[in-house]
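The values are calculated or read from the model by the stated rules, or taken from the named source; none is laboratory data. Treat the numbers as computed from the prediction; the structure is a model and nothing was measured. Note that we place each Cβ from the backbone using ideal geometry, even for glycine, and neighbour counts take in every protein chain shown. Only protein heavy atoms, including side chains, enter the accessible area calculation; ligands, DNA and RNA are left aside. Shrake-Rupley method; radii C 1.70, N 1.55, O 1.52, S 1.80 Å.
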Amino acid sequence: MIANLGLAALWLAAALALLQLLAAWRALRMAGAKEGALVRPVAIVQGLLAALAFVCLIAVFCQTDLSVKLVAMNSHSAKPMLYKFAGAWGNHEGSMLLWVTIMGLAGGLVALVERRLPEPTMLATLAAQAFVSLGFYAFLLISSNPFERLDPAAPEGQGLNPLLQDPGLAFHPPTLYIGYVGLSIAFSFAVGALITREVSPAFARAMRPWVLGAWIFLTIGIVAGSYWAYYELGWGGWWFWDPVENASLMPWLAATALLHSASVLAARNALRAWTVMLGVVAFSMSMVGTFLVRSGILTSVHAFAVDPERGSFILGLLALNIGAALVLFALRAATVTEGERFAVTSREGALVFNNVMLTGALGIVLIGTLYPLLAEALGTKVSVGPPYFNPMTAVFVVPMLAVLAVGPLLRWRQDSFARITPMVAIPALLTGAAASVLVLKGMAVLPLLGMALAAGLALAAFMPLRGRKLSRVNLPLWGMIAAHFGVAVALFGMAADSAWTVERLVAVQTGQAVEVGPWKVTLRTIVPVAGPNWTALEGEMEARYKGGDPRMLHPQARAFWAPPQQTSESALATRWNGQLYAVLGEQAEDGRWQLRLWWKPFVTMIWFGGLLIALGGVLALIGRVWSDLKRIIARGKIAYRRERQGR
Amino acid sequence: MSAPAKPSRWALWLPVVLFVGFIALVAVGLWRPASRDVHSAMIGKELPRFDLPPAVPERPGLARGDMLGGKPRLLNIFASWCIPCAAEAQQLEQLRQLGVEVDGVAIRDKQDDLAVFLARNGNPYARIGADPVSKIQFDIGSSGVPESFVVDARGVIRYQHIGVIAPDQVPMILARLKEAEQ
């Protein structure tokens, strides 16, 4: 019953998306056509119906309705409620339904609140959103129906992949999806603006909060994913350049560039064509990333839809959506009038540099991700890893970070280095001093560069506050400072991790102590423990930092039996200045236990910095939305007064 | 000192061209009948050196030297606690009756459990070595149980079968053993 309701809602939502597209198209072709009035309400109802379908899917999962094939394949009546609930999107069909739900709701929200743009541009934007949505509705209804029935119903479900049964993983996909799919709004705004040739500061201001919102979710999703991989995979690394990580990094790089170029367009009416292009590219990267991961074309842990039919369908959608947008761009960009001019030494100039570098890094990641595919097409098998990605991205990121320290201090349009020299001098000196100290300590090049830059950047991030009254600094500026300071913090964490990590791989008897960095770790005992679908050997370790109070660590070597799989559950001891990371390995023939221990100074700064970056986005978003609200309220008051005076 | 030069009309088509290239590349990757089997890095390599004690009293243990000479052999990695292994036992018995010598390595097992397992599911093994810490298992590149290796007379691994040998795969295993005779 609920499944039928969900399917009906999905079909209806698809029909409304078609109506939205046709009505908007007709209103655009014939000025003053009545259909234009339909578009906004239809967009809102379409979003709500998609959400209803998604709620129905969650409901059939929660009640474990085994007459629904998807539930029978991915759930189990004895599963904890949290995983029944999260199981709704822990599979291909459910995650695609989540995708269209977010797209529909985001489109509906734009239709509801966005009033600044000329109406034709809004119609074109909502038409574009409907066009992209329609493709995904078709994909769901034709080849990935989440409500497909199983007749007769299964007696019991097959359960959820044990790897996905982690509270963190239950909420990781929705966070990333809101980020990915939220960027569809930027895409639709860009296409809408190309259709009506209305690329203006108002367009950038309208687009900015949506990009910011999506970007915040992407940032949090990436930070959370990185931390999860760090503690769960037991290798002590925090970024692996896995295709899935790259798939989330690429839209993030594009969206970061877009945020900065949109601020140039909003403030100075420059970089018009470029901003539109980035709007197209950001969501294109979301779709490309999802396709690469989901089609199984790149081997990856996340490839749970290895199915050529579905892969071809998504590829077709991709070619249609991105191809059409790029062709439209090529046809129209030349007619988008040139924006305001500016000097190289100016805020705009620095932001252009930032954009070029971010795009360069994006290109490096994209090439590295696709290279194995290219090599396979040419007949060889290769894998591309950190030796390629680390130095190649550094080529773009390091200069960008240097400019990041200077850019916010420059004035719009034209400035001189002479004016800002006093402000830049102190961070530059700090960078130089840090670098020389570290050279004396004999540090490797990349970590040295990172740490010296981080020191300068951390100070430079606060320089825009100079000469301002703190109480009068607006929220978006605080946001920028928080985000830039977060970059410095994360950079410091990365450099500290790669420069100062102490690793020990030892075999010890129980009772024996090992030193790793400032820690003394004693293996007390090994005890067997049992979980719901695994058994484990658990080490009891006592760790003392510089002879201080003992802290207990309990790393496990787990054996799952269906499927038979060994995993190691690492144990962490966190201090303000770093983490001790312990992994229990095999027992050797002589009865000693293998331990892998790391002391990672300041490693937590990586994720802390990432969260600061996201916090910067949140502050900026609140500031922007708040000032928009104030403007709307003020306008409403004026209109109300006029009306009263008129009477 | 001016804004970045306005790109030429042709440059605007560059993203389209790159995108078409991308679509062509992934289309090739998507539709080419690529084999997604796991290729074992151990195929073509010699068996590592090992010498395992007997896992049960009624069968001898297993050393690398036992697997050399004569006909190709099947080395089966199994365990009494592994439920798929019980399902595989019939196929191994069938292979034994067809004249294949099957040698076993029992992973992280106990003698009593193993005796119960063999009594219940049959004992197709000529030799069974005990590998209580999965050492040999890792050395020959096996990541789970059950797994089977076709080893030729010179002690070279010719084929690795991951997972259960299903009833319809018995002829395939026989063919692999036949191939390994050359």
So for the pair residue A:413, residue A:142, with labels modelled 7 Å out along Cα→Cβ, what separation do we get in nm?
5.3 nm
Is there a quick way to get the dipole size of chain B? I mean about its Cα centre, with the Cβ of Lys and Arg at +1 and of Asp and Glu at -1; what is the value in debye to the nearest 20?
880 debye
With a 1.4 Å probe and all protein chains in place, put B:179, A:156 in order of accessible area, largest first.
B:179, A:156
Expressed in nanometres to one decimal, the distance between label points 7 Å along Cα→Cβ at residue B:168 and residue A:504 is 5.6 nm
Which length gain, in nm to one decimal place, applies between residue A:608 and residue A:390 when the Cα-Cα distance is subtracted from 0.36 nm times their residue separation?
76.4 nm
Cysteines having no other Cys beta carbon under 4.7 Å from their own, within the protein assembly as shown
A:56, A:62
Partner aspartates and glutamates whose C-alpha sits under 17 Å from that of residue A:441, ignoring same-chain residues fewer than 8 away, are A:497
Compute the distribution of all C-alpha to C-alpha distances in the stretch A:343-460, in bins of 10 Å from 0, and list the percent of pairs in each, rounded to whole numbers.
13, 32, 29, 17, 8, 1
FRET efficiency for residue A:154 and residue A:1, using Cβ-Cβ distance with R0 set to 25 Å, rounded to 0.05:
0.90
Whichever lysines have a C-alpha closer than 29 Å to that of residue A:469, once near sequence neighbours (fewer than 8 apart) are set aside:
A:630
With the convex hull built on the Cα atoms of the stretch A:1-151, state its orientation-averaged projected area in nm².
9.0 nm²
Given a Förster distance of 35 angstrom, what is the FRET efficiency for residue B:154 paired with residue A:589, based on the Cβ-Cβ distance and rounded to 0.05?
0.80
Could you point to the residue in A:591, A:71, A:110 farthest towards the positive end of chain A's charge dipole, with +1 and -1 charges on the Cβ of Lys/Arg and Asp/Glu respectively?
A:110
For the protein assembly as shown, share of DSSP beta bridges that run antiparallel, in % to the nearest 5
85 percent
Env charge @ residue A:538, Cβ radius under 10 Å, K,R +1 / D,E -1, value -1
Distance violations [Cα-Cα > 22 Å] among B:71/B:135; B:110/B:135; A:520/B:135:
B:71/B:135; A:520/B:135
Excluding same-chain residues fewer than 8 positions from residue A:34, which aspartates and glutamates have a Cα within less than 15 Å of its Cα?
A:119
Could you compute how fast chain A diffuses translationally, taking Rh as the Kirkwood radius over C-alpha pairs and applying Stokes-Einstein at 4 °C with viscosity 1.567 mPa s? Give it in µm² per second.
48 µm²/s
The stretch A:213-281 versus the stretch B:119-182: alpha-carbon centroid distance in Å:
47 Å
How high is the FRET efficiency from residue A:426 to residue A:469, r the C-beta distance, R0 22 Å, rounded to 0.05?
0.60
The correct ranking of A:469, B:71 by accessible area at 1.4 Å, largest first, is A:469, B:71
Using DSSP, restrict attention to beta bridges with both residues in the stretch B:51-179 and report what percent are antiparallel, rounded to the nearest 5.
55 percent
Per-residue accessible area for residue A:632 at 1.4 Å probe radius, Å² rounded to 10?
100 Å²
Estimated 222 nm signal from helices in chain A, with DSSP H stretches of n ≥ 4 weighted -39500 (n - 2.57), rounded to 500:
-22500 deg cm²/dmol
Phi to ³J(HN,Hα) by Karplus 6.51 cos²θ - 1.76 cosθ + 1.60 over the stretch A:128-135, Hz, x for Gly, Pro
5, 4, 5, 4, 5, 4, 4, x
